[in-house]
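Input: a single structure, listed below in structure tokens.
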Amino acid sequence: MSCALGVEDDLLVDLSGLSFADPSVMLDLAMVARRLRRAGRGMLVRGAAPQIATLIEVVGLHRMPGVTVEDA
């Protein structure tokens with residue numbers, strides 16, 4: 001996650017290989033998204049499996065400013 005903070009453009013988070021995640025993963029992504037937003041960058045999340053997409057919605061990651069979530 002710390003390497004993601006060093007990107008110079010918007011960050012692409014590809015979740016296509018992820019079959020399980022708990023809320024702590026979403027909180028980590030939210031923290032990175034917030035820091036990116038402060039630096040004028042955004043986050044694009046794509047490839048989330050249905051169960052991960054549900055978790056994204058439950059946690060509210062998709063509602064954060066600067067975060068875009070594409071449908072799988």
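Considering each of V13, V7, V32, V67 in turn, give the residue that is more than 13 Å from the chain's Cα centre (by Cα) and surrounded by 13 or more Cβ atoms within 10 Å (Cβ to Cβ).
Within the list V13, V7, V32, V67, the selection yields V7.
So, in the range 16-41, how many residues would count as being outside any helix (DSSP H, G or I) and in contact with a strand residue (DSSP E or B) (Cβ under 7 Å, 6 or more places away or on another chain)?
Result for the range 16-41: 1.
Look through A49, A30 and report the one residue that is in contact with a helix residue (DSSP H, G or I) (Cβ under 8 Å, 6 or more places away or on another chain) and free of Cβ contacts under 8 Å to residues at least 60 places away in the same chain.
Only one candidate qualifies: A30.
Is there a residue in the range 43-56 that is crowded, with 16+ Cβ neighbours inside 10 Å, in contact with a Gly (Cβ under 7 Å, 6 or more places away or on another chain) and in a loop (DSSP other than H, G, I, E, B)?
The answer is no, given that none of the residues of the range 43-56 is crowded, with 16+ Cβ neighbours inside 10 Å, in contact with a Gly (Cβ under 7 Å, 6 or more places away or on another chain) and in a loop (DSSP other than H, G, I, E, B).
Does the range 4-13 contain at least one residue that is at pLDDT 95 or above, outside any strand (DSSP E or B) and not small (G, A, S)?
Checked against the condition, which is being at pLDDT 95 or above, outside any strand (DSSP E or B) and not small (G, A, S), the range 4-13 yields no hits at all.
Only one of (1) hydrophobic (A, V, I, L, M, F, W, C); (2) free of Cβ contacts under 8 Å to residues at least 24 places away in the same chain; (3) in contact with a strand residue (DSSP E or B) (Cβ under 7 Å, 6 or more places away or on another chain) fails for C3. Which number is that?
(3)
Condition test on M1, is it of a type in the set (A, V, I, L, M) and surrounded by 17 or more Cβ atoms within 10 Å (Cβ to Cβ)?
no
The values are calculated or read from the model by the stated rules, or taken from the named source; none is laboratory data. This one's a predicted model, so the numbers in the text were calculated from it and none came from an experiment. Cβ atoms come from the backbone with ideal geometry, glycine included; neighbour counts cover every protein chain shown.
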